[in-house]
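Asker: The structure is given below, and queries will be raised subsequently.
Quick note: the coordinates plus some simple rules give every number you see, no bench work behind them. Please read these numbers as outputs of a predicted model, since none were measured by experiment. Note: ideal-geometry Cβ built from the backbone for every residue, glycine included; neighbour counts use all protein chains shown.
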Amino acid sequence: MRILIRLGLMALAFAFILPQIHGNFAIALVLSLLFGLVLWLVEISVIALSAVLTVTSLGLALLWLIPAWILGFWLLPAFAMMITADFVPQYLTVNGFVPAALAGLVMLAISFLTRDEAWTRREA
C-alpha cells in the first residue's frame, strides 16, 4: 500500500509540480517508476563505490566520504532526475542542474514522508 502511495505522490509531483514533463498523468506515472528505478541504481552504485574506496584506502576514505554523504545526500535525486531525463527526453526535460536539484529535493521529501519508518511510528 505504501509503495502505491509513494508512486502516486511522485506521479502527482511529476505531473503538477515539475513543469518539465511532456504528457499526461499516465506518462507521469511511468516516469515516477523510471525515476525510482534510476534512483535505486544511483544509490547502489554510490554505496558500492564508497565501499570500494573505503576498503582500498584501509578506511582513510571515510574522512571525506562521511562529510560528503552528510552534505550531499540531496544530490543523488538530482543526478537520478538528470539521468531519467536523458533516458526519455521526449517526455521529460531538465534544463540544468538547479531545476534537477529542486525536483530531486521534492522527490526526496516525498520519499522521506512515505518511508517505512514514518508509517510504523504513525501506526503504533
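Asker: Do you know the relative contact order of the range 34-115, to the nearest whole percent, from alpha carbon pairs under 8 angstrom that are 6+ apart?
Answerer: 31 percent
Asker: Now for a different question. Hey, can you grab everything whose amide H is under 5 Å from the amide H of residue 92? Only 5+ residues off in sequence or another chain; H modelled, so Pro and N-termini drop out.
Answerer: 22
Asker: Now, a different point. Please list 3J(HN,Hα) in residue order for the range 100-108, calculated via the Karplus relation 6.51 cos²θ - 1.76 cosθ + 1.60 where θ = phi - 60°; whole Hz, with x for glycine and proline.
Answerer: These are the phi-based 3J(HN,Hα) values: 5, 5, 5, 5, x, 5, 4, 5, 5 Hz.
Asker: What is the distance in Å between the Cα centres of the range 23-39 and the range 67-117?
Answerer: Here the two parts' Cα centres lie 13 Å apart.
Asker: Per-residue ellipticity at 222 nm for the chain, helices alone: DSSP H runs ≥ 4 residues times -39500 (n - 2.57), over residue total, nearest 500 deg cm²/dmol?
Answerer: Value at 222 nm, helices only, nearest 500: -24500 deg cm²/dmol.
Asker: Report, as a whole number in µm² per second, the diffusion coefficient that Stokes-Einstein gives for the chain at 25 °C and 0.890 mPa s using the Kirkwood radius over alpha carbon pairs.
Answerer: So the translational diffusion coefficient is about 158 µm²/s.
Asker: Using θ = phi - 60° and the Karplus relation 6.51 cos²θ - 1.76 cosθ + 1.60, list the HN-Hα couplings for the range 34-43 in order, rounded to whole Hz, with x at every Gly or Pro.
Answerer: Each residue of the range 34-43 in turn: 5, 4, x, 5, 5, 4, 4, 5, 5, 5 Hz.
Asker: Taking the Cα centre as origin and putting +1 on Lys and Arg beta-carbons and -1 on Asp and Glu beta-carbons, what dipole magnitude results for the chain, to the nearest 20 debye?
Answerer: In total the dipole reaches around 200 debye.
Asker: At what distance in nm do the modelled label points of residue 58 and residue 16 sit from each other, each positioned 7 Å from its Cα along Cα→Cβ?
Answerer: 5.7 nm
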